[in-house]
Structure formats: C-alpha cells, structure tokens
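The values are calculated or read from the model by the stated rules, or taken from the named source; none is laboratory data. Fair warning: this is a prediction, and the values are worked out from it, not measured in the lab. Neighbour counts run over all protein chains shown; Cβ positions are idealised from the backbone, glycine included. For accessibility, only protein heavy atoms count, side chains too; no ligands or nucleic acids. Shrake-Rupley method; radii C 1.70, N 1.55, O 1.52, S 1.80 Å.
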Amino acid sequence: MKETSYSVTGMTCSACAAHVQRAAAAVPGVESAEVNLAAEKLAVRFDERLVGFDALQRAVEDAGYGLVAPMEGKRAELGIEGMTCASCQSAVERALKKLEGVKDVSVNLATNRASFAYDPAKVKLSEIREAVVKAGYTPLELKGEDARDAEREKREAALRAMRGKLVAAVVFAAPILYIAMAHMFPVLGLPLPGFIDPHRYPLAFALLQLLLTAPVLVAGGRFFRVGFRTLLKGAPNMDTLVAIGTGSAFLYGVYATARIALGDFGFAQHLYFESAAVVVTLVMLGKYLEAGSKNKTSEAIKKLMNLRPKTATIIKDGVELEVALDEVAVGDVALVRPGSSIPVDGVVAEGASSVDESMLTGESLPVEKQPGSAVTGGSINGEGLLRVMVTEIGEDTALSKIIRLVEEAQGKKAPIAKLADVISGYFVPAVLGVAFLSAAAWAVAGRDFDFVLNIFVTVLVIACPCALGLATPTAIMVGTGKGAELGVLIKGGEALETTHRVDAVVLDKTGTVTQGKPELTDVRVYRGADEAQTLALCASAERGSEHPIARAVVEAANGRSLPLVQPESFRAAAGRGIDAKVGGRRVLAGNFKLMEENGIDVSASGEDAKTLSGAGKTLMYVAVDGALAALLAAADAVKPTSKHAVQKLREMGLEVYMLTGDNAATAKAVADSVGISNVLCEVLPDGKAAEIERLQKRGRRVAMVGDGINDAPALVQADVGMAIGTGTDVAVESADVVLMRGDLAAVYMAVALSRATIRNIRQNLFWAFLYNVVGIPFAAGLFYAFGGPLLTPVFAGAAMALSSVSVVTNALRLRRFRLKD
Amino acid sequence: MKRLSISFLSLLAAALLAGCAALDVVASYGRASLGELLAAHPALLVRDETDPYMRLSADGETYLLVSRDFGASGDEDILIQTPLQPFLDAGLDESKLPEGYRADGALFFVCADYGVGTGARADFADALFEAPAYDPGLLTYHGALDHFGVALSHGKFEWAKDEAKNDKDIVFVLDAARLRGLGADAANVAGWTLVTMQDEKGGDFDVLIKAYDLAP
C-alpha cells in the first residue's frame, strides 16, 4: 500500500473537493481518498500493484479537475561559463544527459544557464558540475529547488495572474457601478455625461455598459469555463451558480439592448449589466483574498523551510569547504560558526556552545551543548564554535520530519469537516432548485420578467458554498501551523478535534513528570556485604539494561571507578528487573516483585525501604546468590515546570493522573510534589494500556503523555496519545501529538490550542451557515413577500465575497494565539 | 490582460465616437413616429404656404407653430399659441410677461428660439426637428407616458410614440410654476388641466396640459 498526496488544480469550492474525492475513491485499488480544499491536496492510499498515478489522474481529469504529477527528484539551474555557440550548448546538454539520474535537461545559450531535474539518490551535484568541467566548460552558481519550492513558485505565479485579472475587472466594473448607481439612485445626484443619459440616449447608455461588461466577463472567464463544464458533467459547483447567475444577467442585458435599438426605450431601466460585472468582480475579489490567505496559512511550513540553510561548511582533510546542503554526507564534520544556523542533524564532536532551538521546540531558553550532545539542523548556534559530526541528512533530519508531519497534518481532515463536505455535495443542486422554484413562484404570482430574473440571479449568487468548504480546513491549517511554531506537532485534524474534548490526562512518571535521569543516592548493604563489591556486581549485571535506574547504577559505579565486567548471562524481566550471572554469581536486581517471585527475603531492608520510598526515591533490591545483599535508591528529579503544568491542566478542568511502575510510596511522594492526587502505581509496562482503557470505560476521554517504548501501547489506546519529543521514535510514531518541548507546559498548550482551533472552526461554520441560511430566503424574496426589503444581485455578490473573506480572516486570527500564563 | 484592456478601450472609444448619430434612437424613432402620426391625421396641419409658420392643431384653438426657416423667425422659432382669456380669468398679469411669453390681443404665446436653423423646411416634422438638431437635449422621451417631446422655454409639445396604444396622442404642456409666478391660479385655467409630474431626479413639478386623443 502506498500513501501519498498530490496537488489538485481547478477546485474552487467544497463541492469540487467532494467530486474529486469521490472520483479518486472510485478508482479500483484505492483504499481511501481525502481532499483538503485549503491545501489543494488529494491524500490517497492505494495498492500500487493495482493502480498508479496515471489512473488517478485520468479519474480526476474526467471529473473536470487536474492532478499534478509528482515532481521526481529536484530541479536545479546551473550557470555555465564558456559557451559561445550552438554546438557548445549541445555539448553541455549531451554531457548532462549522459549522467544517470539527470533528465529534462535544457541548456540556454542566451542566458548561459542549464536547467535540469535530478535524483539526489542517483547523482550528486558535484558529479553534475564535474561533468560540465569534463565537457570543457566552467560551472558557476547553482540554484536548486525541490517540489515544495516549485509548488510555492506556482502558487505565487497563480496569485499574480489572479491579481492582474482582478485589476482589469475592477477597471471596467467600477464605471459600470457608477453609471448604475447614478441611474438607479438619482437622489444621490451623481452626474452622468449627457451622451449616456438613459432618457435621451438609451442605446448609448446600454451599449457602453455592454462594452464595459464584456472584458470583466473575459477576466472572470474561469467561472464560466469551469461552471458550465462541471454542469455538463452532472456535478455543478459554485462556479456553476456564478456562471448561470451572471450569464443570465448579461444575456438579458444584451436582449434589452437589442430591444432598445428596436425602439423599446423602457428597457433602459432594466439592463442588469452592472449585476453581471460587479458580481463577477466581487467573486474574483473573494477568490483572490482567499488564495492570498491560503498562502499565509502555509506560512508555518515556509518558516520551517527557511530554517534550513542552503550551504554548509564541511572540513575535509583539514580544509574548510563551503558546499551545497545536498552535498553533505553522513559522517562529514560540519563547522558551525557562532550565530549561524546548524545545517543538519548531528553530534557535537568538538567545541561547546549554547544553541537556540526555539524554532523547532518552542523552548525559549538556549540549550547548552558540548561534545556528545545532539544538535538539530535548523537551530541557531550561540557564541561558541562547534564541529558537528553529521548523523542525518536530507529527508531524515528532524526538521524535514517536522515539515512532513505538518504538511500531512494540514492535509488530513477533521471529522467536523466531513459534515461540511456532505452538505456541500448536495448544496449546489439544491440551490439551483431553489432559484428555479422561487423564480417560478414569483412568475405565477404575476410579477414581471424583470422581477423574476432579479430573484433568480440573486439566489444563485448569494448561495455560494465556498465559505462552508473553507471554514474547517483554513482553521486547521493555521492551528497546526501555529502549533508547529510553538513546538506542538498535531498530526491531523482528527487529533486536533479529539484533543479539545479530552477531560483526563494521564502522565507517565519517568521522563514525563520527572527528568528521566535518575541518580543513585543511597546504597544500603545487608548481611555483611561489601558496598563497593556489591555495587560493582550490580553495575556489571545492569550494563546490558536500558532502564534509567540501571544506567544510574552504572554511572555511579563508573563514578567510583569500580571495575566492571561483562556478565556471563543476562535476562530482563519486564517491569521487575534483571537476572544475570556475573563472575559465576547469580545477581538479581529489581523491584520488590522480583524478590518476591524469586523467594528472596527482604525483611532486613524494611525500615530503609520505608524511609527511602517515603522520600520519593525509587528502590532497587540487589540479591546475590539468593540472598539480599543491598538496597539501592535512586532519585529522579521532578522537572521544574511539572508542578505549574499540572496546576494549569487542572485549571482547564482536566483530571490529572500519574502512571508509573513504581511502588505506591514512591509514586505518591512524586505525585504529591507536583500536585497530582490520582496515582496509578505499580503498573507493569504491559498494563499501561489497560489502565487507560479502564479510565475510558468510566466515560473519560483520555490523553496519555509518555516518552518510552513501553508507553507506545498506552499512547495508541488513549483517545489522544502525546509523545514527549525528546523521547523514542516508537513513542513519537505511536502518538497523535508530538510535544517537541521536553516539559509538560506543552501539554496544556496543546489542549489550549486545540480548544482555540475548534472554537475558531465553530465560529467559521456559524458565519458560513448564517450567510447562506439568511441569504437564500432573503434573495428568494421571502421577506419581500411580507413587506421586507428585496436583495439585488450586486448586494448578493458583495455578501458572498464577504462570507469567504470573513471565514478566512477569522481563521487567520489563530496566528495570534498565545497562552495566558 | 493589458492587451485585452487596451483593445477594448480603443474599440469602445471608436464605437462611441463613430456611432454617435446611429446611437440616437430617440431622435430616429421620434422623427419616424411624428411622421406616422401626421400621415395618419393630415387634418392636424393647417395648409397655408404663405404663412411663415407651419401650424398644428387638433381643436382649432390651441396651435403649435413651427417656423419654416429658423433663420428668418428671429427669437420665435417654435411657439404654442392658445387663447389668452382663460389665463387672464385665472389672474395672469399680462404686463409682467417675461421673455418667452407674449400676449397679442386675444392670444397667448409661449415662444422659443433655436438659433438660425439649417435652412427652409417644407415638412412639419423636419422643421420641428431643427430644434433638437440645435440642442439634442430639447428632444425627450417620457417612458411612463410613452411620449416624445420637444421642449420650449416654458413648455413642451409631446406626441405619442404609438398613438394606437395611447389615449393622449398629442399634448401641449405649459410650466405651471412660471404661470403662478405671473399671477395665474394654475388650477383654474379653463381648458387646461393641472398635473403634477416627476422629473429625472425624482422631484415633483406642476404643469398645465391640454391633451388630445386622435383616435377615431
């Protein structure tokens, strides 16, 4: 199964999105298809053996839209010096085409540039440059772009084209509006030139308006092309409404002009050209503002992408070389100067500095780095010079993963959006029905043709469902983008929607509430055991264990320079401890359960255990050759922000639980220190998911926050799984929300953001529905029938444009989201 | 898009400049409808080739006089002639008559000057249309009544666009406010009806009308 997303062109409203989705989902071999109107993307999951891009593209094109082929590899443009004639141009082309992984080569002699597509997995840029050199020419500066850059360029070019057409439409529509206002509202006293006085020169009056309207309709031609095409395919959309409405108004105007020319001067009072021109212009304005806002909603991704520098300084054979980022390989040593951006993920090999990771994690304080510290590409180096050993490049870097995650999240639909889709699918045909019925009703009631046409056109124009289709995706795009800025990565609309409904938060203790780096604080020996010897035995046994307590023991032993040996055997008992053989002696190290199961009498440590666990320390019993030898205690400090975070969560109305494998006394001590009264303790790793389920069965909507491998089942079981970003890949993969910051403040930030986003969506849906619910009966003349006012097509067009703009503007308010502390 | 805009603007300017005359449908239909009306009712015109004016009347009392040659008629190119007495009875002070009005014995004239014209005219409609030729704004079309009209200084002569569909085929119109200013009680001028009309800006104004239905 392949899961990917493609760009879709030609969609203008949610009815379009619904059609594309249906068309793609109907292709055999496609398991699921989801369209995000705001991002103009089709996310599709399909069996590659049964269907490929071509079949999907055909299906979408048959529905009347376009599917953009994924850009293979990257595109680049290389300046070339030394070309003087056509044969030089051919020579360079031949040289590039010979390289495996290079295609679509185009060399321009006039601009001295070669543009091409290349697959970074098959060919390096340095090899491309080398090929140019071998051909006898000099490669100059390189300008590269990948699929995202290309998409951004296309979007910006499309926006510029829209602006040009809009300006042209306004230039021609403004005088028509003036003429119409001067004519319809003589009380305004707006002067009209004598040669177009409708009473004296009705034909000139009409012809001028016709000639001014025509270029407006040409500028807005897209509505007519798409609208009638989709109507003919039996899938009318918002463009169909605009096309029929304004087209009817224009054609009637042409008819009226002809009648004036034949002597029926009364038709000068009922031309409707201004309706056609102004409505098309207003719809274009609404679409332009929408497109501009959509570009802004993806600003979060733009910002993230801009964190990536274009070049890196690597040290090769003692020489500093500045290379394109694509040229950096794993194992290279990159030099990062003070104040510059760290180019790729790596480990500090030499030097020390403080690094600003705020753009990635949202954490405002710089983090100290020294040899051995991991650094992330995109973060900013402080005052020290660093040499960084590169560990991840390209799409494997944390920044690339975050960008991908945010892009995917923005493409995924929230359940609340699906409701809008269902409604939109029926909306356009329903509106066409209402328009015809209202017009017919007024005609039967004896109204003249003018009035009936006014009703018909106004209903079509005001009933645009585009605001409805935009209400949810725009808010989700802005919300997830904002989250990314704050270090909260929400993996989709569904996760966003579920998070806001959470009423219980379960926090894993180690690594979530606490630092996750326990330190050995106490060693108590029994039965005459030697402290150093016992510790060395225990540390040797624990060398193979990843458990934080085990690591604390090993660190303490190393700190005392105790000799450690390789155990002859090692077995870990999950949730209990380890059973190993060291130097021929059997060593058991773990919790009370392990001792109990192995029949070890621990009564000698009773008092010590009570005292130490009462102080919130984690206990580890050590038995050697079947007898208790020592009791070790480790303290895992609580994160400084945990107490405040728990308080904020409770203020938000959430029940807070702490989940741990520790014994009750230790667990309670830690919980008390941070203000948590609900403690789930002595929970085995495979019991965590069951605890979550138990809470869910009590009617709770549970968010689980964890960071370890053993948290993964619980993260999946929870309604919302939140992984601390500093945690393991498995936890991050299993979670719905990734908290890039290592502290719990990110939890209440995630909940607050999700509530703000859902609130925003509800506001948008309210406004979108309000415009349509009130507008349609208004336009159909329902209020007029009871003495109320009558809407005209021009005002309907303005209201319709306003509805889209107000929804998108409201969504953009989320960019100002801030947590009140 | 620039090219499109420029082309349209040029086309627009060219069309308007070149086609102005052809666009004046009010003048062409007005002339045609007056011609049809006169052809259908030849008795409306008083035939006297020695008279420097061509005369139109439905009742032999109130006339529209149109000079055969505007160049020879001084400042009285078109006149409405009607009996003076009803106005005197209504209080008109003939000593105060300003330019555009004249009292001569038992007759009351409302006059208008339209320049020197373009030469002698033998046809009544041609002669009348010298006025809008002089000033296109003098020719009007009133949509509500479906009337064409030629404005005088203090009045108007109107005729129906389609007399078959109109009960007021020709109408003489006088400015009532002006007459009030000259002392006449506009509501009580015998033989004339006071009517309130609406102008293009939606304002009201009063006129005295004498309308004739020429249908047999």
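Assorted remarks:
- Loss of accessible area when B meets A, both sides summed, Å² nearest 100, probe 1.4 Å: 2200
- Förster-model FRET efficiency, 30 Å R0, residue A:532 and residue A:611, C-beta, rounded to 0.05: 0.85
- Counting lysine pairs in chain B whose alpha carbons fall under 30 angstrom apart, excluding pairs fewer than 8 residues apart on the same chain, gives 13.
- Each stretch of four or more DSSP H residues adds -39500 (n - 2.57); spread over every residue of chain B, this sum gives -8000 deg cm²/dmol at 222 nm.
- HN-Hα J in Hz across the range A:599-613 - Karplus 6.51, -1.76, 1.60, θ = phi - 60°, x for Gly and Pro: x, 8, 7, 10, 4, 5, 9, x, 5, 4, 4, 5, 5, 5, 5
- Rg and Dmax of the protein assembly as shown, based on Cα coordinates, read 44.1, 157 Å.
- Annotation: amide H-H contacts under 5 Å for residue B:118 (H modelled 1.01 Å from N, sequence separation of 5 or more, or interchain): B:70.
- The phi-based Karplus calculation (6.51 cos²θ - 1.76 cosθ + 1.60; θ = phi - 60°) puts the 3J(HN,Hα) values of the range A:115-128 at 10, 7, 10, 8, 9, x, 6, 9, 9, 9, 5, 5, 5, 5 Hz, whole numbers, x for Gly and Pro.
- In this structure chain A gives 42 Å² per residue of accessible area when probed at 1.4 Å with all protein chains present.
- Within the range A:18-140, the ratio Rg/Rh, alpha carbon atoms throughout and Rh by Kirkwood, equals 1.18.
- Chain A: calculated mean residue ellipticity at 222 nm from DSSP helix runs of at least 4, using -39500 (n - 2.57): -16000 deg cm²/dmol
- In the calculated pair-distance distribution of the range A:577-678, the portion above 23 angstrom amounts to 38 percent of the Cα-Cα pairs.
- Two-site label geometry, residue A:133 and residue B:32: point separation in nm, points 7 Å out along Cα→Cβ: 8.6
- Cα long-axis angle, helix A:745-779 against chain A (0 to 90 degrees, to the nearest 10): 20
- Hydrodynamic analysis of the range A:500-595 uses the Kirkwood radius over alpha carbon pairs. Inserted into Stokes-Einstein at 4 °C and 1.567 mPa s, it gives a translational diffusion coefficient of 88 µm²/s.
- Contact residues in the range A:251-294 by the 30 Å² criterion (accessible area, 1.4 Å probe, full protein complex versus chain alone): A:263, A:265.
- For the range A:167-315, the Stokes-Einstein estimate of translational diffusion at 25 °C and a viscosity of 0.890 mPa s comes to 138 µm²/s, using the Kirkwood hydrodynamic radius over alpha-carbon pairs.
- Placed amide H near residue A:379: partners under 5 Å, 5+ positions off or other chain: A:342
- For the range A:676-694, the residues whose amide N sits under 20 Å from a probe point set 7 Å from the Cα of residue A:596 along the beta carbon direction are A:679-691.
- Efficiency of FRET from Cβ geometry, residue A:396 and residue A:373, R₀ 25 Å, rounded to 0.05: 0.85
- Over chain A, relative contact order from alpha-carbon pairs under 8 Å, at least 6 apart, %: 12
- Unsatisfied cross-links (Cα-Cα over 25 Å) in the set A:103/A:165; A:401/A:648; A:509/A:610: A:103/A:165; A:401/A:648
- Cα-Cα separations in chain B greater than 24 Å, expressed as whole percent: 47
- The accessible-area loss of the range B:21-40 on complex formation, taken against its chain alone with a 1.4 Å probe, reaches 30 Å² or more at B:23, B:24, B:25, B:26, B:29.
- Net lengthening on full extension, residue A:566/residue A:167 (0.36 nm per residue, minus Cα-Cα): 135.8 nm
- Potential lengthening of the chain between residue A:647 and residue A:389 amounts to 88.8 nm, from the contour at 0.36 nm per residue minus the alpha-carbon distance.
- Sites residue A:1 and residue A:503 - FRET efficiency at Förster radius 45 Å, r taken between beta-carbons, to 0.05: 0.80
- Rough spin-label spacing in nm, given labels placed 7 Å along Cα→Cβ, for residue A:337 and residue A:85: 4.4
- Note on residue A:185 and residue B:39: their simple-model spin labels are 4.6 nm apart, each label 7 Å out from Cα toward Cβ.
- Karplus (6.51, -1.76, 1.60) ³J(HN,Hα), θ = phi - 60°, over the range A:260-270, in Hz, Gly and Pro reported as x: 4, 4, 8, x, 8, 5, x, 5, 5, 7, 9
- Nearest-ten-degree value, helix B:2-23 long axis tilted from longest Cα axis of chain B: 30
- For the range A:19-62, the orientation-averaged shadow of the C-alpha convex hull comes to 2.7 nm² (one quarter of the hull surface).
- For chain B, the solvent-accessible area of protein heavy atoms averages 48 Å² per residue (probe radius 1.4 Å; ligands and nucleic acids excluded).
- Amide H within-cut-off set for residue A:576, under 5 Å, with H built and near neighbours excluded: none
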